[in-house]
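Undergrad: Okay, here's the structure, questions in a sec.
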Amino acid sequence: MKIGEIAKLAGVSPSTVSRVFNHHASISDEVREKVLAIAREHAYHPRLTAKQRNVVIITPYSSMYPPQCCVEMILMALTGELPKRGFRLEILPHDNLERLASMQFCAAAAIGAEPEDFRNWSNEQNVPLIMIDRDMETHSPDVYVVRPDVAMGVELALDKLTASGRKRIGCIIHGKPGTSNADLRAEAIRKYMKKKNLPEMIHFGDDQEYLEIIGKLLRRKIDALFCPGGSGGILAAYALSLFGKQIPEDVALIASEQTFFSRYGIPPQTTISPDYTELASAVADVIESRINGEPVKRKTVLPYVLIERESV
């Protein structure tokens with residue numbers, strides 16, 4: 001199918017169809033939705049022009065958003081990788097998504113966003129959206145996933161703790177069930193504990209709850225803590241110090257890597273981390289493949305790495 005055929009079916013001119021695919025602000029919502037619906041019905045994907053190199057990076061709008069540090073590390077990797085490939089970046093906070101209708105861009109990448117917010121992406125846009133660090137079913141023809149292997153990261157951390165002789169491992173997952181990657185982490189931890197016949201001591205919590213949770217875990221005689229997500233490593237170290245516990249002598253600790261803090265803890269913290277450079281490269285690969293009209297995998301799952309320091 002060609003643009004002229006879509007124009008005929010939509011009852012508009014070919015130039016109007018072209019304007020829809022190029023995000024011109026002069027197009028009404030009614031015409032835009034009609035043209036995109038016809039394109040979807042006939043499995044038509046406009047070839048992205050190599051001249052259009054703007055990529056919108058959608059970020060959380062609140063600095064208190066739980067995975068903020070992870071967002072910053074992903075953003076740094078993207079701002080390093082995408083310009084090297086000739087892309088121009090525009091940062092758009094999540095609470096300004098309505099601006100997308102008047103912007104010209106060849107792709108968007110959403111960091112730390114909830115999949116439910118983009119269920120209708122292909123009804124509104126005709127360019128690829130890459131969901132970063134989230135898992136979701138990608139029924140939409142224009143939505144792709146690039147994420148680290150959460151289960152692998154959990155196993156790396158727990159293997160390290162059990163290899164050091166720790167058998168009573170408390171786990172504090174940053175966030176609430178049903179948000180972020182909290183459920184994926186909880187499921188992986190439960191499977192690991194069951195496989196190793198270890199007690200299951202899993203809690204969900206935000207920044208304000210770590211002290212109380214760690215108090216409860218210490219009463220259960222934990223000898224290790226695994227704190228994935230958020231700023232769990234810093235919070236756990238502070239809480240343990242208030243209870244007079246030494247790391248790693250009394251309680252070993254593994255958390256998620258925070259580039260600016262983990263290595264400077266006392267002691268420096270063992271962490272798990274996605275390869276952020278590889279993640280940014282995978283995002284760029286998806287965009288370039290769509291521009292070149294090449295097949296694109298719906299999901300790209302990348303390995304975690306274990307950064308060994310002195311907290312275990």
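The values are calculated or read from the model by the stated rules, or taken from the named source; none is laboratory data. Small disclaimer: the values here were computed from a predicted structure and weren't measured. Note: ideal-geometry Cβ built from the backbone for every residue, glycine included; neighbour counts use all protein chains shown. Surface accessibility is based on the protein's heavy atoms, side chains included, excluding ligands, DNA and RNA. Shrake-Rupley method; radii C 1.70, N 1.55, O 1.52, S 1.80 Å.
Undergrad: Can you put Glu33, Glu257 in order of accessible area, largest first, using a 1.4 Å probe?
TA: Working: Glu33 110, Glu257 15 Å².
I get Glu33, Glu257, largest accessible area first.
Undergrad: Taking H placed 1.01 Å from N in the peptide plane, check which residues at least 5 places from Tyr304 or on another chain put their amide H under 5 Å from its amide H.
TA: HN-HN under 5 Å from Tyr304: Asp149, Gly153.
Undergrad: How large is ³J(HN,Hα) for each residue in the range 227-243, as worked out from phi by the Karplus curve 6.51 cos²θ - 1.76 cosθ + 1.60 (θ = phi - 60°), to whole Hz, x for Gly and Pro?
TA: Computed from phi, the couplings for the range 227-243 are 10, x, x, x, 10, x, x, 5, 5, 5, 4, 5, 4, 4, 5, 5, 8 Hz.
Undergrad: Moving on. Quick one: compute the contact order of the chain, relative version, from alpha carbon pairs under 8 angstrom and 6+ residues apart, as a percent. Present the calculation step by step, with values, prior to reporting the outcome.
TA: Values: 558 pairs, mean separation 57.5, N = 312.
Answer for the chain is 18 percent.
Undergrad: Same structure, new question: Among Ile173, Ile254, Ile27, which one shows the biggest mean-square fluctuation in a GNM of the chain, springs joining Cα atoms closer than 10 Å?
TA: Taking springs between Cα atoms under 10 Å, the residue moving most is Ile27.
Undergrad: Could you pull out every residue, at least 5 positions away or on a different chain, whose amide H is within less than 5 Å of the one on Tyr144? Hs are placed 1.01 Å off N in the peptide plane, and Pro or chain starts have none.
TA: Leu129, Ile130, Met131
Undergrad: Further question on the same structure: Pull out the extension gain between Ser26 and Ser13, defined as 0.36 nm times the separation in residues minus the alpha carbon to alpha carbon distance; nm, one decimal. Can you show the working numbers first?
TA: Details: separation 13, 0.36 × 13 = 4.68 nm, distance 1.40 nm.
Gain in length upon complete extension: 3.3 nm.
Undergrad: I'd like to know which of Ile189, Phe21, Phe118 lies farthest towards the positive end of the charge dipole of the chain, counting +1 on Cβ of Lys and Arg and -1 on Cβ of Asp and Glu.
TA: Ile189
Undergrad: Here is a further query. Carbon-plus-sulfur fraction of the accessible area of the range 52-173, 1.4 Å probe, in percent? All intermediate terms of the calculation are to be shown ahead of the outcome.
TA: Details: 2320 of 4690 Å².
Exposed carbon and sulfur together represent 50 percent of the surface.
Undergrad: With charges set only on the Cβ (+1 for Lys and Arg, -1 for Asp and Glu), what does the dipole of the chain come to about its Cα centre, in debye to the nearest 20? Please list the in-between numbers first.
TA: Details: 38 positive and 39 negative charges, 116 e Å.
Dipole of the chain, to the nearest 20 debye: 560 debye.
Undergrad: Let me ask you something else. Using protein chains only and a probe of 1.4 angstrom, how many square angstrom of Asp149 are accessible, to the nearest 10?
TA: Ignoring ligands and nucleic acids, Asp149 comes out at about 50 Å².
Undergrad: With all protein chains present and a 1.4 Å probe, how do Thr300, Thr79 order by accessible area, largest first? Mind showing how you got there, number by number?
TA: Working: Thr300 20, Thr79 70 Å².
Sorted descending by solvent-accessible area, the residues read Thr79, Thr300.
Undergrad: I've got another one for you. Considering only DSSP states other than H, G, I, E and B, which GluC sites (Glu not before Pro) in the range 162-215 qualify as loop sites with at most 15 other Cβ atoms within 10 Å? Could the numbers behind the result be given before it?
TA: Values: sites: Glu187, Glu200, Glu209, Glu212; in loops: Glu200.
In loop regions of the range 162-215 (DSSP not H, G, I, E or B), the sparsely surrounded GluC sites (Glu not before Pro) are Glu200.
Undergrad: Counting only protein heavy atoms and using a 1.4 Å probe, what share of the accessible area of the range 189-312 belongs to carbon plus sulfur, as a whole percent? Write out the running numbers ahead of the final one.
TA: On the way: 3070 of 6090 Å².
Carbon and sulfur together cover 50 percent of it.
Undergrad: Still on this structure, please answer the following. Going from most exposed to least, what order do Arg185, Arg85, Arg40 have by accessible area with a 1.4 Å probe? It would help to have the intermediate numbers written out before the result.
TA: Details: Arg185 25, Arg85 55, Arg40 90 Å².
From most accessible down to least: Arg40, Arg85, Arg185.
Undergrad: Would you mind working out the accessible area per residue for the chain, using a 1.4 Å probe, and quoting it in Å²? Present the calculation step by step, with values, prior to reporting the outcome.
TA: Numbers: 14620 Å² over 312 residues.
I get 47 Å² per residue for the chain.
Undergrad: Please tell me the relative contact order of the range 165-244 in percent, rounded to the nearest whole number, where contacts are Cα pairs under 8 Å and at least six residues apart. Could you put the intermediate results ahead of the total?
TA: Numbers: 103 pairs, mean separation 35.6, N = 80.
For the range 165-244, the relative contact order is 45 percent.
Undergrad: Tell me the label-point distance for the pair Lys2, Ile91, using the 7 Å Cα-to-Cβ offset, in nm and rounded to one decimal.
TA: 4.4
Undergrad: Which entries of Lys160/Lys195; Lys2/Lys299; Lys191/Lys299; Lys216/Lys245 have Cα-Cα distances beyond 18 Å here?
TA: Numbers: Lys160/Lys195 15 Å; Lys2/Lys299 29 Å; Lys191/Lys299 23 Å; Lys216/Lys245 14 Å.
Check vs 18 Å cut-off fails for Lys2/Lys299; Lys191/Lys299.
Undergrad: Given Cβ point charges of +1 (Lys, Arg) and -1 (Asp, Glu) and nothing else, what value in debye, to the nearest 20, does the dipole of the range 219-305 about its Cα centre take? Working shown, then result.
TA: On the way: 9 positive and 9 negative charges, 87 e Å.
Roughly 420 debye, rounded to the nearest 20.
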